[in-house]
Amino acid sequence: MASGHTVLMRLVASAYSIAQKAGTIVRRVIAEGDLGIVEKTSPTDLQTKADRLAQMSICSSLARKFPKLTIIGEEDLPSEDVDQELIEDGQWEEILRKPCPAQYSAIKEEDLVVWVDPLDGTKEYTEGLLDNVTVLIGIAYEGKAIAGVINQPYYNYQAGPGAALGRTIWGVLGLGAFGFQLKEVPAGKHIITTTRSHSNKLVTDCVTAMNPDDVLRVGGAGNKIIQLIEGKASAYVFASPGCKKWDTCAPEVILHALGGKLTDVHGNALQYDKEVKHMNSAGVLASLRNHDYYASRVPESVKNALVP
């Protein structure tokens, strides 16, 4: 174990390697041809073999290295021995070379809560929309999302044979966000990214109220935040319950590290302490710039329907 490094930076360095391992598992399951799909609560709420194996890999790898962590994963899985081949023990050395922000240097392992979505965009994964898929590991302290890792298993998958597949984005508040090229939508342009498979009247009314130049309907909260930081969209609008803390924790960190903002539709910050309810019941509103503009356009009817 690397002494001299803070708990937080060791955890982020481990989460980076663990997320990469999970991305490899996600790709392997598709390559083997048996997705092992089961419905959880509805035909749009699916779980695959990749969700199950990736969560076992992430949670077990983290728990072995950081036994005092609180780890909350999306999938409700039975406790069982995990195959050694699912365990990732590595750390991303480049992260360990970065300075830990002073406000987090004395954090203890037991003070941290890790929110895990082993495969964000499961429905899209089953339909072959592979660029929608991410692996999310978010780290919270005192109820606030402070560090996060997003792996895109299929980044670059349409680039053709021989192209490097997959990438990992990471960030820590007070340090920055890394692993991608920041781009922004041209000033004055309002491009909204929203849900592909969980739309309803509230979502539609809220998106329309933004007076958008264009609307993108894609899967995965992680994918939508990546659209914001890569200049494909200017705001992520989801005026509905359905999104959970494991969907937003890691992506929120990346956005906040760049000066963006992620809140519920009332403008309230999301809370990530271990006792909090998992559902983001008042929806999600996120933007890299001009958050006040988007927040000001949320209709009162939508706010009244979505109680924090």
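The values are calculated or read from the model by the stated rules, or taken from the named source; none is laboratory data. This one's a predicted model, so the numbers in the text were calculated from it and none came from an experiment. No Cβ is skipped: glycine too gets one built from the backbone with ideal geometry, and neighbour counts run over all protein chains shown. Surface accessibility is based on the protein's heavy atoms, side chains included, excluding ligands, DNA and RNA. Shrake-Rupley method; radii C 1.70, N 1.55, O 1.52, S 1.80 Å.
Here are a few things to note about the model shown:
- About the centre of its Cα atoms, region 94-137 shows a dipole size close to 260 debye [charges on the beta carbon of Lys, Arg (+1) and Asp, Glu (-1) only; nearest 20 debye].
- For a modelled paramagnetic label at GLU32, 7 Å from Cα along Cα-to-Cβ, the residues of region 63-93 in reach, with backbone nitrogen under 12 Å, are 83, 85-86.
- For region 158-262, trypsin sites (Lys or Arg not before Pro) are listed when DSSP marks them as loop and at most 15 other Cβ atoms sit within 10 Å of their Cβ; the list is LYS189.
- Counting only protein heavy atoms and a 1.4 Å probe, region 94-165 has 39 square angstrom of accessible area per residue.
- Cα shape, region 190-308, gyration tensor, a/c 1.5 rule: rounded
- Rough spin-label spacing in nm, given labels placed 7 Å along Cα→Cβ, for SER281 and ASN156: 4.4 nm
- Per residue, the average separation of C-alpha pairs within less than 8 Å and at least 6 apart gives region 1-117 a relative contact order of 40 percent.
- Approximate spin-label separation ASN304-LYS108, in nm, with each point projected 7 Å along Cα-to-Cβ: 4.8 nm
- Given charges at beta-carbon only (K, R positive; D, E negative), |dipole| of the chain in Debye: 720 debye
- By the helix-only formula, in which each DSSP H run with n ≥ 4 contributes -39500 (n - 2.57) and the sum is divided by residues, the chain has a 222 nm mean residue ellipticity of -9000 deg cm²/dmol.
- Bridgeable lysines around LYS244 (alpha carbons under 22 Å apart, same-chain partners fewer than 8 residues away excluded): LYS40, LYS49, LYS123, LYS144, LYS201, LYS224, LYS261, LYS274, LYS277, LYS303.
- About its Cα centre, the dipole of region 157-243 is roughly 160 debye, where the only charges are +1 on Lys and Arg Cβ and -1 on Asp and Glu Cβ.
- Between GLN271 and LEU165, the C-beta separation translates, for a Förster distance of 35 Å, into a calculated FRET efficiency of about 0.45.
- Shape category assigned to region 139-195 from the gyration tensor of Cα positions, a/c cut at 1.5: oblate
- Here the relative contact order of the chain, from alpha carbon pairs under 8 Å that lie six or more residues apart, stands at 17 percent.
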